[in-house]
Amino acid sequence: MFENLSERLSGVFDRLTKQGALSDDDVKTALREVRVALLEADVSLPVARDFIAKVQEKATGQAVTKSVTPGQQVVKIVHDALVDTLKGEGDPGDLKIDTPPAPILMVGLQGSGKTTTTAKLAKRLKERDGKRVLMASLDVNRPAAMEQLQILGRQIGVDTLPIVKGEDPVAIAKRAKTQAAMGGYDVYFLDTAGRLQIDAELIQQAADVRDVVKPRETLLVVDGLTGQVAVEVAQEFDDKIGVSGVVLTRMDGDGRGGAALSMRAVTGKPIRFVGLGEKMEALETFEPERIAGRILG
Ligand code: GDP
């Protein structure tokens, strides 16, 4: 489907005579190919353009190492620059849960994988870190969503807050907070309602809950396959609610991962985890190296 970038570049460089250093023209020609690869990987045009400009500055005049071809060398420079752009500060998998019970607010559009990701993270904290975890669904409009979280909870052996009919999201959040404190839980997840689109009510609800529980982390779950839409969604959620990190789901799909680069470059928010399937184990800490490799093909 996609031509491998290294192959494409070696074609370009075969036509160029080898010199001691990467010339301006070599770099320009190579970066034209890199730009195509980025756009094919669904990186947005302005982000690709900025990125290429940065790499061009870095690459021009660099001595060509004997052991690699100029094409390979440009790929390496691009790869390192991608990792640099994608990397956040610290360990992305390190959630701020030092003061129990630590609230984690999960936000995102309906169908993004929010409930699944909540359960995956709960399982991870329970099994990897030995934490006592409580999960609560705040999706009062969709009883099925509340039940889904309960079912997942039973499956992974994590407690869920009992469902009480007729309660509003803020009341549920307050009950979760009390229950988490009284029950000696280390962490509690609040899985907020999702909608197909961002609207004022959705944002208001999440903001009200945020103000009541003061979450230690607000994680935005977005569908990694939606590319630019994911970036727009993230920007809006961050502007209106404030997020501490992003979880990109469906990275097991065909997407080339360009959304990750745009996400980081446009919103400045770190990607913390990636979802790699429907199973409860299919969650990984975000690794810039892996996504960089995937973008370059
Ligand atoms: P929510 O509406 O945001 O809570 O979304 P759900 O958690 O209900 O997920 C919607 C669908 O996407 C479900 O069928 C999930 O199993 C599936 N899903 C969630 N995360 C992933 C992922 O990382 N990869 C794949 N392939 N499917 C996922």
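The values are calculated or read from the model by the stated rules, or taken from the named source; none is laboratory data. Note that the structure is predicted; figures quoted are calculated from it, not measured. All Cβ positions, even for glycine, are placed from backbone atoms using ideal geometry, and neighbour counts span all protein chains on display. Heads up: the accessible areas ignore ligands, DNA and RNA and are worked out on the full protein's heavy atoms, side chains in. Shrake-Rupley method; radii C 1.70, N 1.55, O 1.52, S 1.80 Å.
Checking Gly90, Gly71 one by one, the residue that is surrounded by 22 or more Cβ atoms within 10 Å (Cβ to Cβ) and not hydroxyl-bearing (Ser, Thr, Tyr) is Gly71 and no other.
Scoring Gln155 on the criteria (1) open to solvent by less than 30 Å² (accessible area, probe 1.4 Å); (2) more than 22 Å from Leu196 (Cβ to Cβ); (3) within 16 Å of the ligand (Cβ to nearest atom) leaves a single failure, condition (1).
Looking at Ala200, is it modelled with pLDDT of 95 or more, out of contact with any strand residue (DSSP E or B) (no Cβ under 6 Å at 6 or more places or on another chain) and open to solvent by 10 Å² or more (accessible area, probe 1.4 Å)? Answer is no for this residue. If you go through region 86-97 and pick out every residue that is modelled with pLDDT under 90 and more than 14 Å from the chain's Cα centre (by Cα), you end up with 2.
Before we move on, is Val209 crowded, with 17+ Cβ neighbours inside 10 Å, in contact (Cβ under 8 Å) with a residue 60 or more places away in the chain and not acidic (Asp, Glu)? It is true that Val209 is crowded, with 17+ Cβ neighbours inside 10 Å, in contact (Cβ under 8 Å) with a residue 60 or more places away in the chain and not acidic (Asp, Glu).
For region 244-275, filtered to residues that are among the β-branched types (Val, Ile, Thr) and under 19 Å from Thr85 (Cα atoms), the residue that is most open to solvent (accessible area, probe 1.4 Å) is Val266. Does Val83 fit the bill of being more than 15 Å from the chain's Cα centre (by Cα) and either open to solvent by 10 Å² or more (accessible area, probe 1.4 Å) or at pLDDT below 90 (or both)? Judged against the criteria, Val83 is not a match.
Within the set Glu278, Glu236, Glu289, the sole residue that is open to solvent by 40 Å² or more (accessible area, probe 1.4 Å), modelled with pLDDT of 90 or more and within 13 Å of the ligand (Cβ to nearest atom) turns out to be Glu278. Scanning region 117-146 for residues that are assigned to a loop (DSSP other than H, G, I, E, B) and of a type in the set (Lys, Arg) turns up Lys131, Arg132, Arg142. Hey, any hits in region 160-182 for a residue that's closer than 30 Å to Val55 by Cα, in contact (Cβ under 8 Å) with a residue 12 or more places away in the chain and either open to solvent by 10 Å² or more (accessible area, probe 1.4 Å) or in contact with a strand residue (DSSP E or B) (Cβ under 8 Å, 6 or more places away or on another chain) (or both)? Within region 160-182, none of the residues are closer than 30 Å to Val55 by Cα, in contact (Cβ under 8 Å) with a residue 12 or more places away in the chain and either open to solvent by 10 Å² or more (accessible area, probe 1.4 Å) or in contact with a strand residue (DSSP E or B) (Cβ under 8 Å, 6 or more places away or on another chain) (or both).
Only one of the numbered conditions (1) within 16 Å of the ligand (Cβ to nearest atom); (2) open to solvent by 60 Å² or more (accessible area, probe 1.4 Å); (3) in contact with a Ser or Thr (Cβ under 9 Å, 6 or more places away or on another chain); (4) not acidic (Asp, Glu) is not met by Val222, and that is (2).
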